[in-house]
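Visitor: This is the structure I want to talk about, given as structure tokens.
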Amino acid sequence: MLKLRWSPTSPYVRKVMMVVIERGLEDRVERVATDPWSAETDLPKENPLGKVPALTLEEGTTLFDSPVIVEYLDSLGDRAPLFPPAGPARWTALRFQAIADGICDAAILRRLESMRPDGEKSEGWMERQRKAVARALDLLETDAAALAGETTIGTLAVLAALGYLDFRFGHEDWRDGRPALASWFDKAADRDSLRRTAPPV
């Protein structure tokens, strides 16, 4: 049995769980609820970075972080692979995964900064992260047609990233001015793996 250190609000965990569902691996992955921010967590024993997700294999090796975990999971099971073989399609999928993970990186940094006490927050830092997300969304708007093709790890990563923006920054409508991306998301979001991994309200 594989052991996944798991948090329901992490977009990186959501991406991993979407892959678990898409690859039909739910009966092979034990989810261990983990609060990486807790002073009592034993997470660093498995992931010295103290971050989720972390996947411990049956022989004891722990994989981190999400790009490594999802590629490992894609090597298991017998359903259609999410990582295309070497060639242009693979680079497209990996590029989408990278931009989606970057959106999550910037959004999380912005949120953490916003939670600092008054007087310690950096408005400039938060604005830098907001602009990074906006530029990434503009890129996805331009490339929305490419997202509409075969489902890949890039597809799932972008869905998880946009879902995180809805979850944490729902008051800022990322869809505004990005009709192609919004249309793609509305259609692609009707996936069992996305519905079943929605963060708690």
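Visitor: Look at segment 22-53 and say how many of its residues are buried (at least 19 other Cβ atoms within 10 Å of the Cβ), outside any loop (DSSP other than H, G, I, E, B) and β-branched (Val, Ile, Thr).
Guide: Going through segment 22-53 one residue at a time, the tally reaches 1.
Visitor: Search segment 145-196 for residues being basic (Lys, Arg) and part of a helix (DSSP H, G or I), and hand back the single one that is farthest from the chain's Cα centre (by Cα).
Guide: Step one: filter segment 145-196 for residues basic (Lys, Arg), giving 168, 175, 178, 187, 191, 195-196.
From what's left, part of a helix (DSSP H, G or I): 168, 187, 195.
Working: Arg168: 13, Lys187: 19, Arg195: 14 Å.
Filtering segment 145-196 for residues that are basic (Lys, Arg) and part of a helix (DSSP H, G or I), the one farthest from the chain's Cα centre (by Cα) comes out as Lys187.
Visitor: If you don't mind, there's one more thing I want to ask. Can you pull out the residues in segment 73-90 that are hydrophobic (A, V, I, L, M, F, W, C) and either part of a helix (DSSP H, G or I) or surrounded by 15 or more Cβ atoms within 10 Å (Cβ to Cβ) (or both)? Walk me through how you get there before you give the answer.
Guide: Narrowing segment 73-90 to residues hydrophobic (A, V, I, L, M, F, W, C): 73, 76, 80, 82-83, 86, 89.
Selection gives Leu73, Leu76, Leu82, Phe83, Ala89.
Visitor: Given the residues Arg128, Arg135, Arg191, Arg178, which is the only one that is more than 25 Å from Ala33 (Cα to Cα) and surrounded by 16 or more Cβ atoms within 10 Å (Cβ to Cβ)? Full working, then the answer.
Guide: Numbers: Arg128 fails: surrounded by 16 or more Cβ atoms within 10 Å (Cβ to Cβ); Arg135 fails: surrounded by 16 or more Cβ atoms within 10 Å (Cβ to Cβ); Arg191 fails: more than 25 Å from Ala33 (Cα to Cα).
One residue alone meets the criteria, Arg178.
Visitor: On to the next question. Could you list, in sequence order, all residues of segment 1-46 that are among the polar types (S, T, N, Q) and farther than 22 Å from Ile103 by Cβ?
Guide: Within segment 1-46, the first condition is being among the polar types (S, T, N, Q), and the residues that meet it are 7, 9-10, 34, 38, 41.
Those that are among the polar types (S, T, N, Q) and farther than 22 Å from Ile103 by Cβ: Thr34, Ser38, Thr41.
Visitor: Could you say which residue among Ala134, Ala98 is part of a helix (DSSP H, G or I) and in contact with a helix residue (DSSP H, G or I) (Cβ under 9 Å, 6 or more places away or on another chain)? Spell out the reasoning first.
Guide: On the way: Ala134 fails: in contact with a helix residue (DSSP H, G or I) (Cβ under 9 Å, 6 or more places away or on another chain).
Among Ala134, Ala98, only Ala98 is part of a helix (DSSP H, G or I) and in contact with a helix residue (DSSP H, G or I) (Cβ under 9 Å, 6 or more places away or on another chain).
FYI, it's all coordinate maths here, none of it is from the lab. Keep in mind the model is a prediction, meaning the values are calculated, not measured. Every residue, glycine as well, gets a Cβ built from its backbone with ideal geometry; the counts of neighbours run over all protein chains shown.
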